[in-house]
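J.: Quick one: this structure, given as structure tokens, is what I'll be asking you about.
The values are calculated or read from the model by the stated rules, or taken from the named source; none is laboratory data. Nothing here was measured: the structure is a model prediction, and the numbers come from that model. As a convention, Cβ positions derive from the backbone with ideal geometry for all residues, glycine included, and neighbour counts pool all protein chains shown.
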Amino acid sequence: MAPLILSRYTVVSALGKGLDETYRALRDRRSGLRPCDFEDVAIKTYIGRVEGLEDVPVGGPPSKGLAQFDCRNNRLALLGLQQDGFASAALEARERYGAHRVAVILGSSTSGILETEHAYRHRDPATGALPASYLTGHRYTHNMFSVAHFVRTYLGLRGPAMVISTACSSSAKAFATAARFIEAGFCDAAVVGGVDSLCQTILYGFASLELLACGPCRPCDEERDGLTLGESAGFALLEKSGRAGPPGAVALLGYGESSDGYHMSHPHPEGAGAIGAMQGALRRSGLQPGDIDYINLHGTATRANDGIEDKAVTSVFGPSTPCSSTKGWTGHTLGAAGITEAVIAALCLTRSFVPGTLNTTRVDSSLRSHVLLESQEQPVRRVLSNIFGFGGNNCSVILGLF
Amino acid sequence: MRVYVDGMGMLGPGLVGWEPSRLILAGDVGYHETPPPDPPASVLPPNERRRSSDCVRWAVHVAQEAIEQAETDPKTLATVFACSDGEMGILNQLCTTLAMSERVVSPTLFHQSVHNAAAGYWSIATRCQQSSTALSCYDWSFGSGLLEAAAYVCTEEKTVLLVAYDLPPPIPLYAARPLHGGYAVALVLTPHRSRRSVVQLDLALQVRASDTDTRMLDPALEALRCGNPAARALPLCSAIAKTHPAQVHLDYLEDQSIVIGVEPCRS
């Protein structure tokens, strides 16, 4: 494929707001994970919570119609749009291409379901009805399209829009759809990314599957005992290289998408889908396995994921390509993991380092891939990022310096 | 952007299967709005079917019908599943549980709650390892799905199964999203014309100047179209059902329009 430039990108997670805070936390090995203090959740686990979301409603003048979008997920989206000049860059793109020519393709797995959880606690005792304010706001908060609708409204964009919701792979797949839309001529540029925020559904849901670690997650560790949930919002402005490609810019070089066709919540035992996604990304970018300097693993720290991903990675890349999981810093931010780890990949490229694997002390001896525990300063030209999700939905993206 | 339709599946009130629906949508047979039976969705293994949600059964049932008509192997097809509201029945159960003092969530319910549940069940039932995308665009989810599927067909030169479905949520969520009927539609879209091709579609995205949506003539079908996001597909399906060329305008978001030229491949 012709490379597409990430002309601006940003992320907000438990590590902090924007590129600099994220980079510093990675460099200083400062985790964003803490003992679970989300609402009244009574689960012994850690979370990657973004500070202050409880206190900053989505507002603005009534004429803009933004207040109706107020919910934790859209607050997180707004915080993301405000970092690293992302909103200004999107507005410049709007001027350059026209509002109808800029798409909004975002990923989310649970949208604003937290609003529905709250509404169910306030049902009318006599009729069981949900609160009236919830009913009118549902479209703008919980409906799966909400976050793309909000971002599109906030930025005044009028191009194609959608929310991709394929569980954890959602915002990685947003890159693939945006690339197709640009190639198909449906738009000239796209705001891609994803937003997922903490809610009771995912905390109690993952607990029911017995997939939550008691402490901060330890990807690839011999003693790993599950994942840690987090929340994040990330965005990238994707454009053709002709109009936006200064040398040294970060570019999307390839993507690969696949399904396991195996089980809703267990990965394919041989990693068939994961292998297909990585090979697809290599094929599309015209690169060989040896051209990849670093692999950002899905690396959730569940027993099954890390073992099977290791099989898949070594079958495509052999045992020597450096790889690590950054989920010990951010937690697993589900539908926003794809954009979060794409932005981390961009930081690796522009700041010449590869992160290690935080919280992990001894790599599982059954793993054959080259798992880094310590960060390394080194030039990085191409990064492959893996994201695998429920439903057996897989996506790999390759980012590189243009 | 040109694609060919090789197979169709449909399920809705009074619209049970593509062949009978085709006659209704072509205007050859009158429309009577009657609730459809629970779809067999026989592609699902019995234990998966027993656990599946209504949404999943509706979606995979129309998918199966379209695949059979297109005489194609589902293993080879990328999929796009478009749905505005997802698994509202499951979410109702989860949120009810989470509002109780003992929040004992069922692991099966949790994995069924994802927006890509139907896409997942389909790929598992057919052992398909191709790309699978599940998306939402509120009332314009069918339009977004059509664009995503068409872009995939044309840029990847591969056949895509597009499925759109939305079912009315249970009480009390129904008050938040009072969808009309239940409706599901599937189209097998291919890059090349073959003996199986039913129609040729030429798609373009345009800025919408005014309200140009193609409507259904029958008031009951028009009510279904307006009341269910997946049923926004009805004017296109109606043009496919007829045997003469037509142009369909599909409103897309508040400001765009998908203009579709429909040309029959068989006389």
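To keep it simple, each residue is scored yes or no on (1) more than 7 Å from chain A (Cβ to nearest Cβ); (2) out of contact with any Leu (no Cβ under 9 Å at 6 or more places or on another chain).
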{"position": "B:T133", "(1), (2)": "no, yes"}
{"position": "B:L162", "(1), (2)": "yes, no"}
{"position": "B:L179", "(1), (2)": "yes, no"}
{"position": "B:L189", "(1), (2)": "yes, no"}
{"position": "B:R193", "(1), (2)": "yes, yes"}
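J.: Given the conditions (1) assigned to a strand (DSSP E or B); (2) surrounded by fewer than 20 Cβ atoms within 10 Å (Cβ to Cβ), which single one is not true for A:T314?
T.: (1)
J.: Also, I was wondering about something else. Can we say A:G205 is within 14 Å of chain B (Cβ to nearest Cβ), under 29 Å from A:L367 (Cβ atoms) and either of a type in the set (S, T, Y) or assigned to a helix (DSSP H, G or I) (or both)?
T.: Yes: the conditions hold for A:G205.
J.: Any idea how many residues of segment A:187-202 are within 20 Å of A:R49 (Cβ to Cβ) and more than 14 Å from chain B (Cβ to nearest Cβ)?
T.: 2
J.: A further question on this structure: Sort out which residues of segment B:135-160 are at positive phi and within 9 Å of another protein chain (Cβ to nearest Cβ), and write them in order of number.
T.: Matches in segment B:135-160: B:Y138 only.
J.: Right, next: Does any residue of segment B:185-203 turn out to be under 17 Å from the mean Cα position of the chain (by Cα) and not aliphatic (A, V, I, L, M)?
T.: Checking segment B:185-203: at least one residue is under 17 Å from the mean Cα position of the chain (by Cα) and not aliphatic (A, V, I, L, M).
J.: Scan segment A:128-149 for residues that are of a type in the set (A, V, I, L, M), farther than 27 Å from B:G120 by Cβ and facing another protein chain (nearest Cβ under 8 Å) and jot them down.
T.: Across segment A:128-149, the qualifying residues are A:A129, A:L130, A:L135.
J.: Would you mention how many residues in segment B:164-176 are within 13 Å of another protein chain (Cβ to nearest Cβ) and of a type in the set (F, W, Y)?
T.: Summing the residues that are within 13 Å of another protein chain (Cβ to nearest Cβ) and of a type in the set (F, W, Y) in segment B:164-176 gives 1.
J.: State yes or no: is B:T159 among the polar types (S, T, N, Q) and touching a Lys or Arg at 6+ places or on another chain (Cβ under 6 Å)?
T.: The answer is no for B:T159.
J.: Right, A:G242: farther than 24 Å from A:N394 by Cα, part of a helix (DSSP H, G or I) and away from every other protein chain (no Cβ under 14 Å) or not?
T.: In short, yes.
J.: Continuing with this model, one more query. So B:L94 passes all but one of these: (1) under 17 Å from the mean Cα position of the chain (by Cα); (2) part of a helix (DSSP H, G or I). Which condition number does it fail?
T.: (1)
J.: Criterion first (in contact (Cβ under 8 Å) with a residue 12 or more places away in the chain and more than 14 Å from chain A (Cβ to nearest Cβ)) does B:D211 satisfy it?
T.: It is true that B:D211 is in contact (Cβ under 8 Å) with a residue 12 or more places away in the chain and more than 14 Å from chain A (Cβ to nearest Cβ).
J.: Something else now. Restricting segment B:69-86 to residues that are closer than 15 Å to B:Y152 by Cβ and surrounded by fewer than 24 Cβ atoms within 10 Å (Cβ to Cβ), which is farthest from the other protein chains (Cβ to nearest Cβ)?
T.: Among them, the one singled out is B:T76.
J.: Here's another thing I want to ask about it. Take the residues of segment A:237-260 that are over 22 Å from A:V151 (Cβ atoms) and hydroxyl-bearing (S, T, Y): which is modelled with the lowest pLDDT?
T.: If we take residues in segment A:237-260 being over 22 Å from A:V151 (Cβ atoms) and hydroxyl-bearing (S, T, Y), then A:S241 is modelled with the lowest pLDDT.
J.: When segment A:150-179 is examined, which residues are found to be facing another protein chain (nearest Cβ under 9 Å) and surrounded by fewer than 24 Cβ atoms within 10 Å (Cβ to Cβ)?
T.: Residue satisfying the conditions is A:R158 alone.
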